[in-house]
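What follows is a single structure, written as structure tokens, with notes after it.
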Amino acid sequence: MDHARLLLTTALTGMIAVQAGQAFAQEAETEDDTVLETIVISAEQQLKQAPGVSTVTSEDLAKAPPANDIAEIIRKMPGVNLTGTTASGQRGNQRQIDLRGMGPENTLILIDGKPVLSRNSVRMGRAGERDSRGDTNWVPAEAVERIEVIRGPAAARYGSGAAGGVVNIITKRPEKLSGTVSTYLNVPQHSEEGMTRRGSVLLGGPISDTMSFRLLGSYNKTNADDADINADVNVDPTVAPPAGREGVVNKDVRALLSIEPTSDHVFDIEGAFSRQGNIFAGDRQLTATNPTLESMIGKETNIMRRGTLSLTHRGTYDFGESNSYIQWERTLNERLLEGLAGGPEGSITSTEWGQITLDNLTAKSEWNLPVVIGGFDQTFTLGAEFRGEWMEDDVSIQQATAVSPGGGGPSTPVVIPGVPTNGDDRDPTINAWMGGIYVENNILLTDRLTLTPGLRFDYHDHFGTNWSPSLNASYELTDEVTIKAGIARAFKAPNLYQLNPNYVYYTRGQGCPVGYTNGATGGNGCFVVGNPDLEAETSWNKEIGINYNDDAGWNAGITYFHNDYRNRISSGMVPVGTADAATGTQFGTLFRWENVPEAVVSGLEGNLSIPINDVLTWSTNATYMLESENKQNGQPLSLVPDYTVNTWLDWQAREDLLLTLSATHYGETPSPTVTATTGEAVGNPEPRDPYTLVNIGFKYDINEMFRLSGGVNNVFDKRVLREGSGNAAGANTYNEPGRSFYVALTASF
């Protein structure tokens, strides 16, 4: 960390010193020259030009449409992978966006700048896993204008949950009265893999001089993989094979009414409702299975309903600009009841449904104020943000403390201080709120050097205060070469499951941390409870990069990033007491969620784009992970490859025909060597071997109304299968599907 800070401090100081010297030298030579007006951009606009920022456009989505989730194309940006929520390998096929190896829980998802927090309604297991598809699938690809992927120090301005970065999904706003109807079909070559079909309708445009609208309707269904798809590679033949990818049915409706009473003020009123129902493929958190679970394969076992209402105002004034919103988000997480203790944890054990309700209220106001101070053009950004979350959960708190040792024999009432014995006696509600204010200043010191200092202050009603300073700099070495660097302190508030003292987990005689394997008294097991005294997770994010960009279209750059991750929250490995039987004797050992000292993530990102000629463009990006380690136990933070290379060749064969050849190569993915929950050695610490996926596609504009796209994914049919549930499979914890064929037709009018 000290070396990284020294490097960044030296770079920033050097930029200032060199440029200041040039500025003084030029001042004497150009006193009589005509001074041109300087255009100063806001801090947000400046930070979106940082090294760790990339954009997926609607054109990118049109030439390579994702089958179901736009995460499929976001994963091809530098610094991005798809991973499960932990390195445990549990729920391995529930892969989500992971930025710079910090894990999906440190990626903040936004839709039109507003947080999407639905996955927080899904129970978090002891290893940190969730049975969640994430939050990138609430908007169909056809409705997306662009996706901004913001990593590193630039993301710290967005507050809690952005330690890895931010994915901002920006939707289309029709400028004229128009409509689009889109269809999509993806057929796998292997019948045991799920097929996808999708249809969507987008209408919008002005309805008067001061009013416009947008309506979206979409239906998307991806079938589940067959239950035995991984049977031939199962590393433990004594248990059922690990499940393949579950299916999902998405139904989305979005409506926007935009009112512009004057040219300086715009009000957006928006409502959205989405329903995601799964098609169960047999997945469970551990290896335990049962007849109830097996009978539900191919059926719907969980339903996520998300609804939002929001009001947004954008204003332009003589002194600056403003952007403010307030949004209410409700998530109804309904699913069949699962086991909450021991081996059956996370396995469907009942045909009874339970529901968790999560309400989020978010509000934000940001003002950009251009000023001239001390002769320097600059733009101050002042902002305030509020996030409140209220959860009603009488499902995850039902694990009783009156338990049977090892899962058999008579129940023994066990006393845990402050926790009622039976789940029915516990308060099913928990809430938290957080408010923040921030200031940034984009300072144009010279025509080549820009500094962007910032400071954010947050108050959380559980852990108290948090300060997040930042400093970013950009120096144009020449007209083509730019050096950029940044350092920022990011943070993440504990989630409601980690904070909730009524959320109890029981190991049932196994699964205790090393040294406490048999509990306090011969095989009774251990208890883990929530901790309302947790501190926020924090990280110091640093990066420095150099980029070349010329008028001919050449673009090349490389960025070094280094994150020092502190107070990471995980299930505790050191007991905080004992759970005592009602008679007063010790029954089991008591643990809780704790802040662990330190973790480190570092790596390199690179990009290269070459315009070979007027019709051929070759682009490549790469990510190389130098370090990803939890300093407490030496384990990786998430299961990501040592390196990833994405490359594609675009050929504009005709004005109306674009052909694309692309490939992604994944290096070896290291396996954990000890488990996250017990500290025991992993029995099969096998890495995932390197592999390459090649795709071909085309986009053909039939005429002004119709566009046809099609292609082949995974041309060489490189299938990679999941070999086990959890660490039994090492790093081989997910399915990479084989060859598939897709076609998409879009009609615009």
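Could you tell me which of the residues Ser619, Ser628, Ser609 is closer than 30 Å to Pro685 by Cβ and touching a residue at least 12 places away in the same chain (Cβ under 8 Å)?
Residue meeting the stated conditions: Ser628.
For first residues located in the stretch 531-545 and farther than 14 Å from Gly161 by Cα and surrounded by fewer than 20 Cβ atoms within 10 Å (Cβ to Cβ), partners that are modelled with pLDDT of 95 or more and among the aliphatic types (A, V, I, L, M) and lie 6+ apart or on another chain with Cβ distances below 6 Å form the pairs Pro532/Leu499.
Taking residues in the stretch 421-432 that are at pLDDT 95 or above, and partners anywhere that are among the small types (Gly, Ala, Ser), the pairs with Cβ atoms closer than 8 Å and at least 6 places apart or on different chains are Asn431/Gly388; Ala432/Gly388; Ala432/Ala493.
All conditions but one from (1) outside any strand (DSSP E or B); (2) within 24 Å of Ser740 (Cα to Cα) apply to Leu659; the one that does not is (1). Every listed requirement among (1) touching a helix residue (DSSP H, G or I) at 6+ places or on another chain (Cβ under 8 Å); (2) assigned to a strand (DSSP E or B); (3) buried (at least 22 other Cβ atoms within 10 Å of the Cβ) is met by Ile169 save one, (1).
Thr446 falls short on exactly one of the conditions (1) crowded, with 20+ Cβ neighbours inside 10 Å; (2) part of a loop (DSSP other than H, G, I, E, B); (3) β-branched (Val, Ile, Thr), and that condition is (1). Of everything in the stretch 733-749, what is modelled with pLDDT of 95 or more and not hydroxyl-bearing (Ser, Thr, Tyr)? Give them in sequence order. Scanning the stretch 733-749 gives Asn735, Glu736, Pro737, Gly738, Arg739, Phe741, Val743, Ala744, Leu745, Ala747. Quick one: Gly408 ticks every box in (1) modelled with pLDDT of 95 or more; (2) surrounded by fewer than 16 Cβ atoms within 10 Å (Cβ to Cβ) bar one, so which box is it? In the conditions (1) modelled with pLDDT of 95 or more; (2) surrounded by fewer than 16 Cβ atoms within 10 Å (Cβ to Cβ), Gly408 misses (1) alone.
Residues of the stretch 637-657 that are under 12 Å from Thr623 (Cα atoms) and of a type in the set (Phe, Trp, Tyr): Tyr643 alone. When you scan the stretch 192-210, do you find a residue that is over 24 Å from Gly697 (Cα atoms), among the charged types (D, E, K, R) and surrounded by 15 or more Cβ atoms within 10 Å (Cβ to Cβ), even just one? There is no residue in the stretch 192-210 that is over 24 Å from Gly697 (Cα atoms), among the charged types (D, E, K, R) and surrounded by 15 or more Cβ atoms within 10 Å (Cβ to Cβ). Kindly establish whether Gly606 is touching a Leu at 6+ places or on another chain (Cβ under 9 Å), within 20 Å of Asp642 (Cα to Cα) and either surrounded by fewer than 22 Cβ atoms within 10 Å (Cβ to Cβ) or modelled with pLDDT under 90 (or both). It is false that Gly606 is touching a Leu at 6+ places or on another chain (Cβ under 9 Å), within 20 Å of Asp642 (Cα to Cα) and either surrounded by fewer than 22 Cβ atoms within 10 Å (Cβ to Cβ) or modelled with pLDDT under 90 (or both).
For the stretch 679-725, the set of residues classified as under 23 Å from Leu657 (Cβ atoms), among the charged types (D, E, K, R) and surrounded by fewer than 20 Cβ atoms within 10 Å (Cβ to Cβ) consists of Asp701, Glu704, Arg707, listed by residue number. Flag not set for Thr107, criterion: modelled with pLDDT under 95 and of a type in the set (Ser, Thr, Tyr).
So, in the stretch 250-278, how many residues would count as being of a type in the set (Val, Ile, Thr) and buried (at least 17 other Cβ atoms within 10 Å of the Cβ)? Matching residues across the stretch 250-278 total 1.
Considering the stretch 83-121 alone, what residues qualify as being part of a strand (DSSP E or B), hydrophobic (A, V, I, L, M, F, W, C) and more than 22 Å from Val600 (Cβ to Cβ)? It would help to see each step written out before you state the result.
Applying the first criterion (part of a strand (DSSP E or B)) to the stretch 83-121 yields 83, 96-99, 107-111, 114-115.
From what is left, the residues that are hydrophobic (A, V, I, L, M, F, W, C) are 97, 99, 108-111.
Hits for the stretch 83-121 are Ile109, Leu110, Ile111.
Being within 21 Å of Glu605 (Cα to Cα) and in contact with a strand residue (DSSP E or B) (Cβ under 9 Å, 6 or more places away or on another chain) is the requirement here; does Asn186 meet it?
Details: within 21 Å of Glu605 (Cα to Cα): no; in contact with a strand residue (DSSP E or B) (Cβ under 9 Å, 6 or more places away or on another chain): yes.
When the stated conditions are applied, Asn186 does not pass them.
Checked against the criterion of being within 15 Å of the chain's Cα centre (by Cα), among the small types (Gly, Ala, Ser), under 24 Å from Trp328 (Cβ atoms) and buried (at least 24 other Cβ atoms within 10 Å of the Cβ), the stretch 151-158 contains not a single residue that satisfies it.
Of all residues in the stretch 709-731, those that are within 12 Å of Asn234 (Cα to Cα) have Cβ atoms under 6 Å from Cβ atoms of residues that are not in a loop (DSSP other than H, G, I, E, B), 6 or more apart or on another chain, in Leu721/Val233; Glu723/Val233; Glu723/Ala729. Which members of the stretch 182-213 meet the condition of being of a type in the set (Val, Ile, Thr) and within 30 Å of Ile259 (Cβ to Cβ)? Answer for the stretch 182-213, where residues must be of a type in the set (Val, Ile, Thr) and within 30 Å of Ile259 (Cβ to Cβ): Val201, Ile207, Thr210.
Give the residue, chosen from Glu480, Glu392, that is in contact with a strand residue (DSSP E or B) (Cβ under 6 Å, 6 or more places away or on another chain), more than 30 Å from Ala155 (Cβ to Cβ) and among the acidic types (Asp, Glu).
Working: Glu480 fails: more than 30 Å from Ala155 (Cβ to Cβ).
That would be Glu392, the only listed residue that is in contact with a strand residue (DSSP E or B) (Cβ under 6 Å, 6 or more places away or on another chain), more than 30 Å from Ala155 (Cβ to Cβ) and among the acidic types (Asp, Glu).
Residues of the stretch 368-407 that are closer than 30 Å to Pro115 by Cβ, among the charged types (D, E, K, R), out of contact with any helix residue (DSSP H, G or I) (no Cβ under 7 Å at 6 or more places or on another chain) and part of a strand (DSSP E or B): Glu385, Arg387, Glu392, Asp393.
The residues on offer are Gly194, Gly205, Gly217, Gly199, and the sole one that is at pLDDT 95 or above, part of a loop (DSSP other than H, G, I, E, B) and of a type outside the set (Lys, Arg) is Gly194.
Within the stretch 259-306, if we keep just the residues that are out of contact with any Phe, Trp or Tyr (no Cβ under 8 Å at 6 or more places or on another chain), of a type in the set (A, V, I, L, M, F, W, C) and part of a strand (DSSP E or B), the residue that is nearest to Arg245 (Cα to Cα) turns out to be Ile279.
Taking the conditions exactly as written (out of contact with any Gly (no Cβ under 6 Å at 6 or more places or on another chain), at positive phi and of a type outside the set (Ser, Thr, Tyr)), does Gly511 satisfy them or not?
Working: out of contact with any Gly (no Cβ under 6 Å at 6 or more places or on another chain): yes; at positive phi: yes; of a type outside the set (Ser, Thr, Tyr): yes.
Yes: the conditions hold for Gly511.
Checking every residue in the stretch 245-253 against the condition of being over 30 Å from Arg722 (Cα atoms), out of contact with any His (no Cβ under 6 Å at 6 or more places or on another chain) and modelled with pLDDT of 95 or more gives at least one match.
The set of residues in the stretch 628-653 being modelled with pLDDT of 95 or more and either over 19 Å from the mean Cα position of the chain (by Cα) or assigned to a strand (DSSP E or B) (or both) consists of Asp642, Tyr643, Thr644, Val645, Asn646, Thr647, Trp648, Leu649, Asp650, Trp651, Gln652, Ala653.
Within the stretch 669-697, count every residue that is over 30 Å from Gly711 (Cα atoms) and either assigned to a strand (DSSP E or B) or hydroxyl-bearing (Ser, Thr, Tyr) (or both). First the steps, then the outcome.
At the first step, the residues of the stretch 669-697 found to be over 30 Å from Gly711 (Cα atoms) are 670-687.
Right, trim to either assigned to a strand (DSSP E or B) or hydroxyl-bearing (Ser, Thr, Tyr) (or both) and you get 671, 673-675, 677-678, 681.
Count: 7.
For the stretch 558-597, filtering for residues that are among the hydroxyl-bearing types (Ser, Thr, Tyr), over 17 Å from Ser628 (Cβ atoms) and buried (at least 21 other Cβ atoms within 10 Å of the Cβ) leaves 2. Quick check on the stretch 122-145. Is at least one of its residues of a type in the set (Ser, Thr, Tyr), touching a residue at least 60 places away in the same chain (Cβ under 8 Å) and either within 22 Å of Phe561 (Cα to Cα) or in a helix (DSSP H, G or I) (or both)? No, the stretch 122-145 has no match at all.
The values are calculated or read from the model by the stated rules, or taken from the named source; none is laboratory data. Owing to the predicted nature of the structure, the values given are computational and were not obtained by experimental measurement. Backbone-built Cβ (ideal geometry, glycine too); neighbour counts: all protein chains shown.
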